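Have a look at the structure below, then the notes.
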Amino acid sequence: EGALELGEDGRVRSRGEEGAAIVVGSTLERFLSVVMAREGLLVDREGEFKDVFDEEGVDERARDKQTRAALKIDPDAAAWHLEAAERAFGDGDEAAAEAALARAVALDPGAGDAWALFGALQRRSGRLPAAAASWARAYAATPAGAVRAERAAEAGRAAKEAGDEAARAEHAAAASAADPGAVARWLEAAQARLAEGDGDGALNLATLAATVAPDEAAALVREARLRGKLKTIT
């Protein structure tokens, strides 16, 4: 799902549209073996697709087999530990997800997507300084664009919730520098969520914007919170 690169260290990385990369093969040979094994779970020897698809694409059972096959062939590639973490999180097993993420970032400290999910899980469990640090690592691993700005703002939001105003300001400045139009976009999206009745989604976007531009987002944050309270009462 991105451009493939073979580094001087012999590892294969997949680089997405926003520029963030993750190791998908500890060696070229292992990467190719993983690809063949994963595709072999979808296509038979005659080149026909197996009965492993549902309305959303590859079914869950086959996807799980693909993840396990990749981890067995190349346990030193961070991408497959991230994939395992995403599957564990989807199943509600946050402890397993965190363990897989810890392994992913240990293998590949530049895996921005793994750091981002790590930060989200840490914030959910109230470990705010750790969450801010993980989001900062995610930001640093993302070269440019809207995703880089979002990750800086997430680091700032966690720092703000932890009571570290200096860190919030630093991350907010980084978010603005990465994408000057981010706050306006988040506020517009928050307004749209409110109009659709999605108060939680609106509040999430509004508080993210408020991390970077408190004055601009204050009114929308109050409105989203009020909507949430009214919904709870009714």
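The values are calculated or read from the model by the stated rules, or taken from the named source; none is laboratory data. Predicted, not measured: the structure shown is a model, and the values here were computed from it. FYI the Cβ positions are ideal-geometry reconstructions off the backbone, even for glycines, and counts take in every protein chain you see. Ligands, DNA and RNA are excluded from the accessible area calculation, which covers all protein heavy atoms including side chains. Shrake-Rupley method; radii C 1.70, N 1.55, O 1.52, S 1.80 Å.
I'd like the GluC sites (Glu not before Pro) in the stretch 1-76 restricted to DSSP loop residues with at most 10 other Cβ atoms within 10 Å, sorted by number. Don't skip to the end; give the middle numbers.
Working: sites: E1, E5, E8, E17, E18, E29, E39, E46, E48, E55, E56, E60; in loops: E1, E8, E17, E18, E46, E48, E55, E56.
Loop-located and lightly packed - E1, E8, E17, E46, E48, E55, E56.
Averaging 1/r over each pair of different alpha-carbon atoms in the stretch 34-138 and inverting the result gives 14.7 Å, the Kirkwood hydrodynamic radius.
Using helices alone, what [θ] at 222 nm do you get for the chain, with -39,500 (n - 2.57) per DSSP H run of 4 or more residues, divided over all residues and rounded to the nearest 500? Don't skip to the end; give the middle numbers.
Details: 11 runs with 159 residues, N = 234.
When only DSSP H runs of four or more count, the value is -22000 deg cm²/dmol.
Share of pairwise Cα-Cα distances greater than 23 Å in the stretch 127-234 is 27 percent (whole percent).
Please state the relative contact order of the stretch 70-210 as a whole percent: Cα pairs under 8 Å, 6+ residues apart?
Working: 198 pairs, mean separation 19.9, N = 141.
Computed over the stretch 70-210, the figure is 14 percent.
For the stretch 4-70, the calculated P(r) over all alpha carbon pairs, in 10 Å bins from 0 to the bin holding the longest distance, is 20, 38, 34, 9, 0 percent. Shown here for the stretch 124-175: GluC sites (Glu not before Pro) in loop regions (DSSP other than H, G, I, E, B) with at most 14 other Cβ atoms within 10 Å, of which there are none.
Sum up the lysine pairs in the chain that clear both bars: alpha-carbon distance under 29 Å and a spacing of 8 or more or different chains. Don't skip to the answer; put the middle values down first.
Values: K50/K65; K50/K72; K160/K229; K160/K231.
Lysine pairs satisfying the spacing and distance rule in the chain number 4.
Using the 1.4 Å probe convention, the accessible area of the chain works out to 54 Å² per residue with neighbouring protein chains retained.
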